[in-house]
Amino acid sequence: MIAFVQGPVAALAPGSAVVEVGGVGIVVQCTPGTLAGLRQGEPSRLATSLVVREDSLTLYGFADEDERQVFELLQSASGVGPRLAQAMLAVHTPEALRRAVAAGDEKALTAVPGIGKKGAQKLLLELKDRLGEPRGTGAAATTRPTAAAAGWRDQLHAALVGLGYVPREADEAVAAVTPQAEAAAAEGAAPAVSQLLRAALQTLNRTR
């Protein structure tokens, strides 16, 4: 079990990062929110979860231990594998998922690609006693690290394609949330990719 990786970020890709550990580059699969907090050439520390399959070893990386624990707890529900668990964390923070499950919020779960109404209902039942009660009391508990203003479009587009949408759909969704990102930039804040991703998914769900 690899509990974490620590070292400079050697490379960044739409769905992964390469962290140099002892002269070895380790590929770590990450959500857009986690990637938004990384910078190439700068030090990093990611909590990790190793998923072992007959034909592969895949290391998933997270901004903190809470996110890693939720990733593993999500997979304890029937029908939830690492890809769907990661998709859930790409759309919602751990705290947002706890709030959704505690409140029985089907809409929040169906915002995740691959989860329909029946699937959401089943997940709410299975996860109710596993994720625990919400820990935060304010909006900050569901806020992810922000991304640099110059790269939010590419990160958002890559995240949508990674979640299964075709490039054309991703382009339309990026265009739909651009005013929201520009408004944040006008106030001096870097657009938060995770918040834009949630808004983009809502746009895509309305057009389907």
5 angstrom amide H check on Ala11, placed H, neighbours 5+ away: Val18
Full-extension gain in nm, Leu50 to Gln121, via 0.36 nm per residue minus C-alpha separation: 22.7 nm
Segment 14-34-segment 159-204 distance, computed between alpha-carbon centres (Å): 23
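Per residue of the chain, what 222 nm ellipticity follows from adding -39500 (n - 2.57) for every DSSP H run with n ≥ 4, rounded to the nearest 500?
Details: 9 runs with 96 residues, N = 208.
Only helices count here, giving -14000 deg cm²/dmol.
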Per-residue ³J(HN,Hα) for segment 11-17, Karplus 6.51 cos²θ - 1.76 cosθ + 1.60, θ = phi - 60°, Hz, x for Gly and Pro: 7, 10, 10, x, x, 7, 9
Segment 195-203 - phi-based ³J(HN,Hα) in whole Hz, Karplus 6.51/-1.76/1.60, Gly and Pro as x: 5, 5, 5, 4, 5, 5, 5, 5, 5
Interchain or long-range residues, amide H under 5 Å from Asp64's placed H: Ala47
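Assuming R0 = 30 Å, can you tell me the calculated FRET efficiency for the pair Val166 and Ala186, based on Cβ-Cβ distance, to the nearest 0.05?
Details: r = 31 Å, r/R0 = 1.03.
It comes to 0.45.
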Carbon plus sulfur fraction of accessible area for the chain, probe 1.4 Å, in percent: 52
Which labelled figure in [x] 116; [y] 129; [z] 177 is volume of the Cα convex hull per residue in Å³, once derived from the coordinates: [y]
For segment 15-139: relative contact order, % (alpha-carbon pairs under 8 angstrom, 6 or more apart): 18
Rounded accessible area per residue of the chain, 1.4 Å, Å²: 50
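The values are calculated or read from the model by the stated rules, or taken from the named source; none is laboratory data. Here the structure is a predicted model, which means the values were calculated and not measured. Cβ atoms come from the backbone with ideal geometry, glycine included; neighbour counts cover every protein chain shown. Quick note on the areas: whole protein, heavy atoms, side chains included, nothing else; ligands and nucleic acids left out. Shrake-Rupley method; radii C 1.70, N 1.55, O 1.52, S 1.80 Å.
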